[in-house]
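*Asks:* Dumping the structure here so I can ask a few things about it.
Read the figures in this text as sums done on the coordinates, not as results from a lab. Predicted, not measured: the structure shown is a model, and the values here were computed from it. All Cβ positions, even for glycine, are placed from backbone atoms using ideal geometry, and neighbour counts span all protein chains on display.
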Amino acid sequence: MSISKTQKRDRRHRRVRAKVVGTEARPRLSVYKSNTRLVAQIIDDSKSITLASASSADEKGKTPRERAEAAAKTLAKRASEKGVKAVVFDRGGFQYVGTLKAFADAARAAGLEF
């Protein structure tokens, strides 16, 4: 029996999460990507709280990539308001290409360090 696409992503995600932990000094930037939107949260794992979040569903743009870039700018702005400048990137088991890469590059350009 073959392994489904979701099961493969879950395996990759567990592998990433075993190494990536958000602290108070460097919270975790967690990203989830569905077929229609991209959702990102900045999480302090030591206190188990979400510091900032953004979704591409709330943003304006023609393509998924443009909406993801707008969400990254919004997230970076909300993070800077909370005093967060450096994060660790949790790609959630998704490949670092396309929309996810565009999101990460836009977040870096907007001032987040990872």
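*Asks:* Is it the case that some residue within the range 23-30 is charged (D, E, K, R), more than 15 Å from the chain's Cα centre (by Cα) and crowded, with 16+ Cβ neighbours inside 10 Å? Before you say what the answer is, go through the steps one by one.
*Replies:* To start, the set of residues in the range 23-30 that are charged (D, E, K, R) comprises 24, 26, 28.
With more than 15 Å from the chain's Cα centre (by Cα) added as a condition, the list becomes 24.
Filter again for crowded, with 16+ Cβ neighbours inside 10 Å, leaving none.
No, that holds for no residue.
Condition check ((1) touching a residue at least 12 places away in the same chain (Cβ under 8 Å); (2) among the basic types (K, R); (3) touching a helix residue (DSSP H, G or I) at 6+ places or on another chain (Cβ under 7 Å); (4) within 15 Å of F114 (Cα to Cα)) across all residues:
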| position | (1), (2), (3), (4) |
| --- | --- |
| R26 | yes, yes, no, yes |
| V31 | yes, no, yes, yes |
| I43 | yes, no, no, yes |
| S46 | yes, no, no, no |
| K60 | no, yes, yes, no |
| R78 | yes, yes, no, no |
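*Asks:* To continue, here is another question. Quick check, is K8 farther than 23 Å from G83 by Cα and out of contact with any Leu (no Cβ under 8 Å at 6 or more places or on another chain)? Break it down stepwise before answering.
*Replies:* Details: farther than 23 Å from G83 by Cα: yes; out of contact with any Leu (no Cβ under 8 Å at 6 or more places or on another chain): yes.
Yes; evaluated as a whole, the condition is true for this residue.
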